[in-house]
1. When the chain is treated as a GNM, springs tying every alpha-carbon pair under 10 Å, which of I255, I230, I83 comes out with the largest mean-square fluctuation?
2. Taking a cut-off of 18 Å between Cα atoms, list the aspartates and glutamates near K93, but don't count ones fewer than 8 places away on the same chain.
3. If I take R0 = 41 Å and measure r between the Cβ atoms of D306 and E214 in this structure, what FRET efficiency does the formula 1/(1 + (r/R0)^6) give, to the nearest 0.05?
4. Could you identify which residue out of N191, N123, N134 has the top mean-square fluctuation in a GNM of the chain using Cα springs shorter than 10 Å?
5. Charges at C-beta only: +1 for Lys and Arg, -1 for Asp and Glu. How large is the resulting dipole of the range 117-191 about its Cα centre, in Debye rounded to 20?
6. Among T231, V125, S24, which residue has its Cα furthest toward the positive end of the charge dipole of the chain, with +1 on Lys/Arg Cβ and -1 on Asp/Glu Cβ?
7. Based only on the alpha carbon positions, what is the Kirkwood hydrodynamic radius of the range 32-132, in angstrom?
8. Taking one equal scatterer on every alpha-carbon of the range 117-191, how large is log10 of I(q)/I(0) by Debye at q = 0.11, 0.25 1/Å?
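Please treat every number below as a calculation from the coordinates, not as lab data. Bear in mind that the values here come from a model prediction, so they are computed numbers and not experimental data. Cβ: placed from backbone, ideal geometry, glycine included. Neighbour counts: every protein chain shown.
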Amino acid sequence: MAELMDKAAASVDVAHGQNRPLLSVEDLRVEFPTASGTPRMALRGVDLQVGAGEILGLVGESGAGKTTLARSILGLPPVPGRISGGRVIFEGKDILALPERELHKLRGRRISMVVPNPRGELNPVLTVGDQIANVAKAHLGVSRSEGRRLALEMLRAVQIPDPERRMGAYPHELSGGMAQRAVIAIALICNPAFVISDDATSGLDVTVQAQVLELLQKLAAEHGSSLLFITRDVGITAHFCDRVAVLYAGEIMEIAPREELFLRPSHPYTLMLLAAFSHNPKLRKVWTVPDDRKRGVPRSGCPYADRCPLAQPCCVENAPPLVELTPGHLARCYFPVRHS
Ligand SMILES: Nc1ncnc2c1ncn2[C@@H]1O[C@H](COP(=O)(O)OP(=O)(O)OP(=O)(O)O)[C@@H](O)[C@H]1O
Ligand SMILES: [Mg+2]
């Protein structure tokens, strides 16, 4: 518990800017062109900080903008998306202003990403050992034999059974869980300062998922890496994130240290999200399906207003700002739920 409190305190410092965060996303805006000519806003001014060694959970339903945010942090919004505003400061540098060559060096070396569908990520005609070694060669400039040595070390670290033999295996010879471990090995081989896991375990069965998550957490801690952990499942973040941010329709609705978010959720959307994952049928009933047609269209009020049981006329008229309720706990709502 003491350790948890220390971590929570550290993340509050980060949120207050007393420590310089490792990553700072500032007013990030991303839009997609549409046939009508009016672009569809996928991110509407996202602000987010991640401290060194911190695990930040990012939760949101499908279409909330999680992948768009993850990829835009790397300067690669999903095609045909366009970053229309904001900054991404990483290790003191504005990533979005870097020349492509610098950006290329940063990706995979200092920031790496783990995504679902591991087989799709791996090259089918290269052995697992060679693929991991190639990444080390390209980014760290090591020899082929040193690359292979590091690859084997990494396969051991991600707990792939019989790693010597698996060095020579092709992706189709690995189970889904093993392929995901190989992808994690590739992501971590250069000892990146920042790892983004975008829904990385969603295709795996529950037990394997838990093992892979535990592994990701352990490796991030051992390497001192920060982790942006993206998921649709708010329950997962309760287990191992230091702080949790809730994204809805391209905006951060609430962000708080983990304990605070789960014990004192303040945004009505967060409450709905928690209810949706609850086993209580009464709570689940209030959970409504999002109306996709309204998403992304220009509007002036709160994006959640049309689904919110607490909405008042002011919510539809003007978008509420993200307000700090208690140190490190922010919610974008005129009527945040208070807990005594
Ligand atoms: N390739 C694309 N073309 C057009 N619009 C897109 C594209 N990718 C994303 N969008 C838009 O951006 C919004 C956010 O999509 P994104 O993939 O970031 O959501 P997500 O939170 O990652 O969802 P999921 O949980 O399903 O992965 C979508 O609702 C859609 O409007
Ligand atoms: Mg996604």
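1. Greatest mean-square fluctuation among the candidates belongs to I83.
2. Once the sequence-local aspartates and glutamates are set aside, what remains near K93 is E26, D27, D47, E102.
3. On the way: r = 39 Å, r/R0 = 0.94.
Once the sixth-power term is evaluated, E becomes 0.60.
4. N123
5. Numbers: 9 positive and 7 negative charges, 14 e Å.
Around 60 debye, computed over the range 117-191.
6. V125
7. Working: mean 1/r = 0.0630 Å⁻¹.
Averaging 1/r across every pair of different Cα atoms and inverting gives 15.9 Å.
8. -0.21, -1.13
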